[in-house]
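Beneath this line is the structure, given in structure tokens, with notes to follow.
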Amino acid sequence: MDPKPAKYGPNSEDDVIDLVTRFPFAWIVSSEAAFNATPLPIRPHVADGRLVALIGHFGRHNPQVERLRAHPRAHLLFTGAHGYISPSWLSDRTQAPTWNYASVTFACDIHLIEDASGIEALLRDLIDTQEAGREQAWSLDDMGERAARLARGVIGFRADIVDSQASFKLGQDEADREYREILTALDRDSATDLAEAMRRQNPHR
């Protein structure tokens, strides 16, 4: 991915990896033969500092599985921090409202993971990531033998990234005064995800 492909491009590959990691619930969309879209939790696979694939799992009886088996190209759509920007926050009330957001779309080739060990590995990765830092963190082992039975009801996949488009519209085009006023309002309203994303996108402001 070009680190600055457009006016609203991410500053670096790390910004894209951070979005996928912090906002992992994405849509996987396929349209060959028939339209299908399923929302799923997704994990990034990073190699040499680059995001090369996305890992997830379907319910085994999801009809999208067989359609992807026949036509393995799909798009994965992620939305990061976002929110309405109100002119009521600004000294200049002639400004128009807008929406700040970060999003990434990946075109991917889907490879299904059907062996028990592969499915267990991706489930452990997802669960261990989500449980990290929790008191009395839960693990797949807590289920005992029931875990293997339930795992048979899912099918994993690796989505190898073919292309991507990212848009991080996070205040780059705002004048300095309006930019500061927007951040002040977001901080006041505890919109911490969006305020943090704006600060990360505009490190010198």
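Quick rundown of the values:
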{"item": "Exposed-loop-free span, longest in the chain, where GluC sites (Glu not before Pro) count as exposed if DSSP calls them loop and at most 16 other C-beta atoms lie within 10 Å", "result": "33-113"}
{"item": "5 angstrom amide H check on Arg73, placed H, neighbours 5+ away", "result": "Ile110"}
{"item": "Gyration tensor verdict on segment 109-205 (Cα atoms; rounded if a/c is under 1.5, prolate if a/b is larger than b/c, oblate otherwise)", "result": "oblate"}
{"item": "Thr38, Thr129, Thr94, Thr184, ranked by accessible area, largest first (probe 1.4 Å)", "result": "Thr94, Thr184, Thr129, Thr38"}
{"item": "Accessible area (Å², 1.4 Å probe, nearest 10) - Phe23", "result": "50 Å²"}
{"item": "His82 accessible area, assembled protein chains, probe 1.4 Å, Å²", "result": "100 Å²"}
{"item": "Length added when fully stretched, Lys7-Trp99, from 0.36 nm per residue minus Cα-Cα", "result": "31.6 nm"}
{"item": "Cα gyration tensor shape of segment 1-63, rounded if a/c is under 1.5, else prolate or oblate by comparing a/b with b/c", "result": "prolate"}
{"item": "Volume per residue of the C-alpha convex hull in segment 23-142, rounded to whole Å³", "result": "185 Å³"}
{"item": "Sequence-distant residues sharing a close amide H with Leu90 (under 5 Å, placed H)", "result": "none"}
{"item": "Cα→Cβ-extended label distance, 7 Å offset, between Ser31 and Leu77, nm", "result": "1.0 nm"}
{"item": "Relative compactness, the chain, computed as alpha-carbon Rg over 2.2 N^0.38 Å", "result": "1.19"}
{"item": "Heavy-atom accessible area order for Trp89, Trp138, largest first, 1.4 Å probe", "result": "Trp138, Trp89"}
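The values are calculated or read from the model by the stated rules, or taken from the named source; none is laboratory data. Predicted, not measured: the structure shown is a model, and the values here were computed from it. Here the Cβ is made from the backbone with ideal geometry for all residues, glycine too, and neighbour counts use every protein chain on show. These accessible areas exclude ligands, DNA and RNA; they are computed on the full protein's heavy atoms, side chains included. Shrake-Rupley method; radii C 1.70, N 1.55, O 1.52, S 1.80 Å.
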